[in-house]
Amino acid sequence: MLFYPLGGITVLLLWRKAMYFEIFLGFFFTLILSDNLKYTTDFANTFKNGYILLLAVIAILDRKNFPVQSKILPYFLPFLLVSVIGMFYSPQIFVSFQKTLSYGLLLFVVPQFFVNSFNNRGPDAVKDLIFFAVAMILLGFVLRYISPNLVYSHGGRFRGVFGNPNGLGIFGILIFAFALISREYFKALFSKADIRWIFIPIGIALILSGSRSAIIAVMLFFLFSRFYRFSPFLGLILFLGIAVAAQLLSRNLIEIVNTLGVSEYFRVDTLEDGSGRYIAWNFAWEAIQDYLWFGRGFSFDEWLMKKNQDFLNDLGHQGGVHNTYLIIWLNTGLVGLIMFLRGFLVLVIKGAKNATMAFPLLWMVFFSITLEPWLAASLNPFTLLFLMSLSMLTHPIFQPYLRGEISSTQKPNEVPILA
């Protein structure tokens, strides 16, 4: 119990010394620990709630040290308003209020602290965040030899310091995308050795995790990024082509996997039922018919799945909905889902005016959240990484670096036009 007051005091002391990057890095680390399902990191699940409140207080009260504002939150205010309306119809209104508040706070806090850290430290802040994330992956590799039971689960799949192998996979694709976007903005920031230390551990982690969706997602991002670099039109054509091809492949997926001789790695025995996802999706879709336009607030999906847990277990499914679109639809209705997707789409369109990797990031994320629920939750390291990527793509403070007007060794506050 002493950790909570000590942790809070530490954050306040760092604030007193204006160590905003360190505060932000501590929040990132707390979210990573909170994704681990072992009892030894249970404290992070509780502490992250107080941590984000402290960050919000700092960002609101310390205005003079946050001179460069990030404006991602306004794009999601309509979505949050719909969420608040649904909250009053929630079977657990207090939990719904907490989750709605935490999502709003994350949309406000993460861009603020990321942009503030960049303004104070320059591109080194980006580099340090990437290397910290890679260090978390490398820590999992080290723990393989110290405590194998800690880093393996789900039939021997590697999960590192995360709660499950798919969590490691999601983390891998998002840090992969963030690193590639950073290279586009800061061309002289990373040496060849840096590139090896970043991308080789990510690639190994993705393979060891056995996350089929993560491997496909990172391949999509890499492929789209190459096409969009030549022409946005070619990128769009590729997206439409892959969408059509995916429908054809899905009908013969098991046969294709068996022919390639990788049936064991891709766990062909679970492909037909989507590892139980199809059961959850059908159940969620039936429930959506009762709350088509407006949902019943954040966390309604969790309440619904838990209430029907025995029934779903008998059908062969354990866990949640495993689809961000269906979760948002259940919780906020179709109106909320449209507002949610609109916020990200508008930001990406804005970012596409600056960088070629905006739409590849969107397509990768939209594919990932079809199979995983991470973007429907706020206090996890995955949503944080995505918001950092969006901030880099859309905030004016980063754009002179992309155009080559500022070198990768200069801080924004050292340049008169940005100070």
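Taking other residues whose beta carbon is less than 10 angstrom from the beta carbon of Leu379, and scoring Lys, Arg as +1 and Asp, Glu as -1, yields +1.
Under the simplified labelling scheme, the Lys192-Glu286 pair shows an inter-label distance of 6.0 nm, with each label point 7 Å from Cα along Cα→Cβ.
Seen from Leu73, the other residues with C-beta closer than 15 Å to its C-beta sum to a net charge of +3, counting Lys and Arg as +1 and Asp and Glu as -1. A protection proxy built from the mean count of other Cβ atoms within 10 Å ranks the segments 134-140, 79-85, most packed first, as 79-85, 134-140. With 29 Å as the limit on Cα-Cα distance, the pairs of Lys17/Lys350; Lys17/Lys99; Lys127/Lys353; Lys48/Lys353; Lys99/Lys127; Lys17/Lys353 that go past it are Lys17/Lys350; Lys17/Lys99; Lys48/Lys353; Lys99/Lys127; Lys17/Lys353. Shown here is the pair-distance distribution of region 71-192: with all Cα-Cα distances grouped in 5 Å bins from zero up to the longest one, the shares run 2, 9, 13, 13, 14, 15, 15, 12, 6, 2, 0 percent. Residue separation of Arg63 and Ile204 scaled by 0.36 nm, minus their Cα-Cα distance, works out to 46.5 nm of gained length. Could you please state, rounded to a whole Å, how far the C-alpha centre of region 22-70 is from the C-alpha centre of region 327-373? Result: 24 Å between the Cα centres. Under 1.5 on a/c is rounded, so check that first for region 3-414, then, if it is not, pick prolate when a/b is larger than b/c and oblate when it is not; a ≥ b ≥ c are the square roots of the alpha carbon gyration tensor eigenvalues. It comes out rounded by the Cα gyration axes.
Each reported figure results from applying straightforward, stated rules to the coordinates on display, with no laboratory input. Predicted, not measured: the structure shown is a model, and the values here were computed from it. Heads up, the Cβs are rebuilt from the backbone with ideal geometry, glycines too, and the neighbour counts pull from every protein chain shown.
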